[in-house]
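Visitor: Before I ask anything, here is the structure I am working with.
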Amino acid sequence: MRKVKYRAKRCPRCETKNDYSAYSCSECGLIFSRVENGSNKLAKEYILAGEKEYVVKAKQFPKDVSKRTFLLYCGFLGLFGAHNFYVGRYKKAVYMLICGLVAFVLTVIGSVIPNLDTIMSFISIPIGFDAIFWIFDFTEGCFNIYKIPVAVDFKEALK
Ligand SMILES: [Zn+2]
C-alpha cells in the first residue's frame with residue numbers, strides 16, 4: 001500500500017506542524033484564517049511599541065500589504081532594505097540600510113580611499129549577506145512565501 005503524504009502546515013505562532021487542512025493549531029489554538037485576515041499596519045505599530053505578543057509572521061501577503069509595492073521597493077531599493085521597512089521587519093531593514101549605504105559610498109568614492117582592500121576584507125562578508133538577503137527576499141516575494149508580520153487578535157483567535 002502506498003502511503004499518502006499530506007503537506008503539513010506550520011503554525012506561524014508556535015511552529016507546531018498541523019494538518020494541511022487544519023482549522024486551528026492543535027498546540028496553541030490559533031485560528032489560521034485570522035492570520036490571513038491579520039493586519040500588517042497594526043503589526044508595525046506593535047513592533048515599534050515593543051509589544052510583539054500579538055504579532056506572528058505570515059508566509060503570505062496580508063490584505064493591507066501590496067505585493068506590487070513590495071516588489072518595487074525590493075527591486076529598486078532592496079539593497080538598502082526599503083521593502084523591509086515597508087513590511088515592518090525593522091531589524092533586517094536597518095542591517096540592510098547600513099550595509100547598502102556603506103557599499104554605495106565605497107562604490108562612489110572608493111578610488112580615493114587609501115587601503116581600500118584592507119577595509120573591504122573586513123566588510124565584504126556583511127555586504128555579501130545584504131546582497132544575498134536582497135535576492136532571496138525578492139524571490140520569496142515573487143512566490144508569496146516571504147514572511148511578513150501581521151497582528152492577530154489572540155483574544156478572539158484562541159479557542
Ligand atoms: Zn500554534
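Read-outs: derived from the displayed coordinates by stated rules, not from any lab. Being a predicted model, the structure only gives us computed values, none of them experimental. Cβ atoms come from the backbone with ideal geometry, glycine included; neighbour counts cover every protein chain shown.
Visitor: Count charges around VAL94 for me, please; just the other residues with Cβ under 15 Å from its Cβ, Lys/Arg as +1, Asp/Glu as -1.
Guide: Values: positive: LYS44, ARG89, LYS91, LYS92; negative: ASP130, ASP137.
Counting the neighbours of VAL94, the net charge comes to +2.
Visitor: Taking the Cα centre as origin and putting +1 on Lys and Arg beta-carbons and -1 on Asp and Glu beta-carbons, what dipole magnitude results for the chain, to the nearest 20 debye? Provide the component values of the computation, followed by the final result.
Guide: Working: 23 positive and 14 negative charges, 171 e Å.
Dipole of the chain, to the nearest 20 debye: 820 debye.
Visitor: If you don't mind, there's one more thing I want to ask. If you build a Gaussian network model of the chain, linking Cα atoms that sit under 10 Å apart, which residue out of CYS74, CYS142, CYS99 swings the most?
Guide: CYS142
Visitor: Something else about it: Show me, for the range 58-73, the HN-Hα J-couplings you get by feeding each phi into the Karplus relation (A = 6.51, B = -1.76, C = 1.60, θ = phi - 60°), rounded to Hz, glycine and proline as x.
Guide: Listing the rounded values in order: 9, 8, 6, 7, x, 5, 9, 10, 8, 4, 4, 4, 4, 5, 5, 4 Hz.
Visitor: Right, next: I want to verify a result. In a Gaussian network model of the chain, Cα cutoff 10 Å, which of these has the top mean-square fluctuation: ILE47, ILE31, ILE119?
Guide: ILE119
Visitor: Kirkwood Rh and Cα-based Rg: tell me the resulting Rg over Rh for the range 61-143, rounded to two decimals.
Guide: Here Rg/Rh amounts to 1.06.
Visitor: At a 4.7 angstrom Cβ threshold, list every cysteine in the chain that has nobody to pair with, or say none.
Guide: So far as the 4.7 Å Cβ criterion goes, CYS74, CYS99, CYS142 stand without a partner in the chain.
Visitor: Quick check on my link table: of LYS17/LYS59; LYS44/LYS67; LYS59/LYS91; LYS17/LYS92; LYS92/LYS147, which ones sit more than 21 Å apart, alpha carbon to alpha carbon? Spell out each step's value before the answer.
Guide: On the way: LYS17/LYS59 15 Å; LYS44/LYS67 17 Å; LYS59/LYS91 18 Å; LYS17/LYS92 26 Å; LYS92/LYS147 12 Å.
Pairs exceeding the cut-off: LYS17/LYS92.
Visitor: Along the charge dipole of the chain, pointing to its positive end and built from +1/-1 on Cβ of Lys, Arg, Asp and Glu, which listed residue (LEU71, ALA49, SER124) has its Cα farthest out?
Guide: LEU71
Visitor: For the chain, what is the convex hull volume of the alpha-carbon atoms per residue, in Å³? Don't skip to the end; give the middle numbers.
Guide: Details: hull volume 24.2 nm³, N = 159.
Hull volume normalised by residue count: 152 Å³.
Visitor: Next question. Taking H as built 1.01 Å from N, whose amide H comes closer than 5 Å to the amide H of TYR146, not counting residues under 5 places away?
Guide: Amide H neighbours of TYR146: GLY141.
Visitor: Next question, about the same structure. Before rounding to the nearest 500, sum -39500 (n - 2.57) across all DSSP H runs of length at least 4 in the chain and divide by the residue total; then give [θ] at 222 nm in deg cm²/dmol.
Guide: Working: 7 runs with 82 residues, N = 159.
The helix-only estimate for the chain comes to -16000 deg cm²/dmol at 222 nm.
Visitor: Dipole of the range 61-143, Cα-centred, from +1 at each Lys and Arg C-beta and -1 at each Asp and Glu C-beta, to the nearest 20 debye?
Guide: The dipole of the range 61-143 has a size of about 320 debye.
Visitor: Spin-label point model (7 Å from Cα, Cβ direction): what's the SER111 to THR16 distance in nm?
Guide: Here the modelled spin labels are 6.2 nm apart.
Visitor: Further question on the same structure: Please report the net charge: other residues with Cβ closer than 12 Å to the Cβ of ARG10, K and R +1, D and E -1.
Guide: Summing Lys and Arg as +1 and Asp and Glu as -1 gives +4.
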